[in-house]
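A quick write-up on the structure given underneath.
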Amino acid sequence: PQPAGEGGLLHLPRRIQRGVLMEFALLGEKLGHSFSPQIHRALAGCDYQLLPTPPEAVADLFRRRDFRGLNVTIPYKQTVMPLCDEIDPRAAAIGAVNTVVNRGGRLTGYNTDIDGLIYLARRTGVDMAGKKVVILGSGGTGRTARAAAGELGAAEIVTVSRGGEDNYETLFRHADAQVLLNTTPVGMYPNCGVSPVSLDAFPHLEGVLDVVYNPLRTALLLEARERGLPCSCGLPMLVAQAWRAEELFTGSAIPAETVEAVLAGLTAQLENVVLIGMPGCGKSTVGRALARRQGKAFLDLDRLIEERAGKSIPAIFAQEGEEAFRTLESWAVREAGARTGCVISTGGGVVTRAENCAPLRQNGVIIHLTRPLDRLSTAGRPVSQSTDLQTLWERRRGLYAAFADRTVDNGGPLEETLDTIEKELSAL
């Protein structure tokens, strides 16, 4: 890289080099895709940008002070603290700053992650007052979680880490935990499907929170959901901490209704719509049309399988058998299910392997499309051609019901089916 000038100036964006006052930005070392600009612009209509900055340029950025406000992410949440003129008491207690406000040239550091966590807990209906709370992870987010649990009135707070007295080998000491809060990256994309703990270790749980938001439903949250426990990913926390930051930036209150609208829009953008149903019920046709209507990518699992195998599905069945096809299908499920913002059309037999449910559900709402059996096409479908459709339906109807979040009839016009799907999605 080109050597920096005095104070690392050449590493800063051109508009800052020119001395132009920047509105608001996210400061970090390496910033890939981030939802922060989208969220902040939606919350307050402000000028908000990403500001990837190398370590040697951070001090100069703060010396110049040509910004109105910054959000701060890894690895600078501690770095910026001595560069501020004042630290809010909550941020000082946590030992991390994620929001810096410039008021007339004086920089004040805040921690709005704690506001995000408190909002997440209250929104999910996870009551910590008088409860025993177990926090997985002792890093910066773990410390923020301790502070949030304290403000919410937790009676006992235990931090579990890989080392120390309270670790993953001694979870039995805390089987009486009532709230579990994961602040580790375990289960985050691309390592989906793994969990830091089994909920069997905590038989008295009343709620589970996970700060991970990609995928939207980690393995930990899917287990909590199966047990009927109130649970949520960290997406509401992400939006709520930005909400509080924007109020600090602008000095103006933002209605809670705006926060919920931004969260709903972001969730709809990220969430997959997964179509299951009998072979020939119209999943591909509906899927393509729905993807166009919603501006999402369309993924057809059968096409993914054929590309991977280098042959057609009838050829896979004929040459390698159904079991080989199902193995390829489960691979395609994992690949597609890890993506976000897609409409996914599955094969009719995807429900025959229970292992396929979690990867589809981690980022998706599963819609079961139905159509009268006498209107199901069997062309190019080996299982439909070799099995009586009534028998196949009786064999699979319970499996479809177990996978599905909603059922939609596809017996009428395409536009009617699309309208019904969108109505069901909005009701979730």
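The values are calculated or read from the model by the stated rules, or taken from the named source; none is laboratory data. Quick caveat, the model's predicted, so the values are computed rather than measured. Here the Cβ is made from the backbone with ideal geometry for all residues, glycine too, and neighbour counts use every protein chain on show. Keep in mind that these areas ignore ligands, DNA and RNA; they rest on the heavy atoms of the full protein, side chains included. Shrake-Rupley method; radii C 1.70, N 1.55, O 1.52, S 1.80 Å.
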### Message
With every protein chain kept in place and ligands, DNA and RNA left out, what is the accessible area per residue of region 85-214? Probe 1.4 Å, answer in Å².
### Response
42 Å²
### Where only C-alpha atoms are counted, convex hull volume of the chain per residue in Å³
172 Å³
### Summary
Using the Cα gyration tensor of region 293-389, the equivalent ellipsoid's semi-axes, largest first and to the nearest Å, work out to 22, 17, 13
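Report Rg(Cα)/(2.2 N^0.38 Å) for region 58-104, keeping two decimals.
Numbers: Rg = 10.0 Å, N = 47, 2.2 N^0.38 = 9.5 Å.
Expressed relative to 2.2 N^0.38 Å, the Cα Rg reads 1.05.
Antiparallel as a % of all DSSP beta bridges within the chain, to the nearest 5?
Working: 8 of 52 bridges.
Expressed as a percentage, antiparallel bridges in the chain total about 15.
Can you give the convex hull volume per residue for the Cα atoms of region 90-211, as a whole number of Å³? Walk me through the intermediate numbers first.
Working: hull volume 15.1 nm³, N = 122.
Convex hull volume per residue, Cα atoms: 124 Å³.
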### Message
Looking at region 79-188 only, what percent of DSSP beta bridges run antiparallel? Nearest 5 please.
### Response
30 percent
### Task
With springs only between Cα atoms under 10 Å apart, run a GNM on the chain and tell me which of LYS131, LYS30, LYS77 wobbles the most.
LYS30
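First compute the accessible area of region 282-354 with a 1.4 Å probe, then give the percent of it belonging to carbon and sulfur atoms.
Details: 1420 of 3080 Å².
Here it works out to 46 percent.
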### Rg/Rg_globular for region 40-162, with Rg_globular taken as 2.2 N^0.38 Å and Rg from C-alpha atoms
1.18
## Note on the structure
With T = 4 °C, eta = 1.567 mPa s and Kirkwood Rh from C-alpha pairs, the Stokes-Einstein D of region 193-256 in µm²/s is about 97 µm²/s
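Give, in whole angstrom and from largest to smallest, the semi-axes √(5λ) of the equivalent ellipsoid of region 212-369, with λ running over the eigenvalues of the Cα gyration tensor.
Values: eigenvalues 265, 56, 31 Å².
The three semi-axes for region 212-369 are 36, 17, 12 Å.
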### Query
So what is the calculated 222 nm ellipticity per residue for the chain, using -39500 (n - 2.57) for each DSSP H run with n of 4 or more, over all residues, to the nearest 500 deg cm²/dmol?
-12000 deg cm²/dmol
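Ignoring ligands, DNA and RNA, what accessible area per residue does region 278-428 give at 1.4 Å, in Å²?
Details: 6880 Å² over 151 residues.
Here the residues of region 278-428 average 46 Å² of exposed surface.
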### Convex hull per residue volume in Å³, alpha carbons only, for region 337-428
114 Å³
### Query
With every protein chain left in place, what is the accessible area of SER252 in Å² (1.4 Å probe, nearest 10)?
60 Å²
#### Entry: Orientation-averaged projected area, Cα convex hull of region 145-199 (nm²)
4.5 nm²
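Among 158-167, 351-360, 336-345, what's the highest-first ranking by average C-beta atoms within 10 angstrom per residue?
336-345, 351-360, 158-167
Expressed in nm to one decimal, what extension gain is obtained for the pair GLU23 and ARG106 from 0.36 nm per residue of sequence separation less their Cα-Cα distance?
In short, 28.4 nm is gained.
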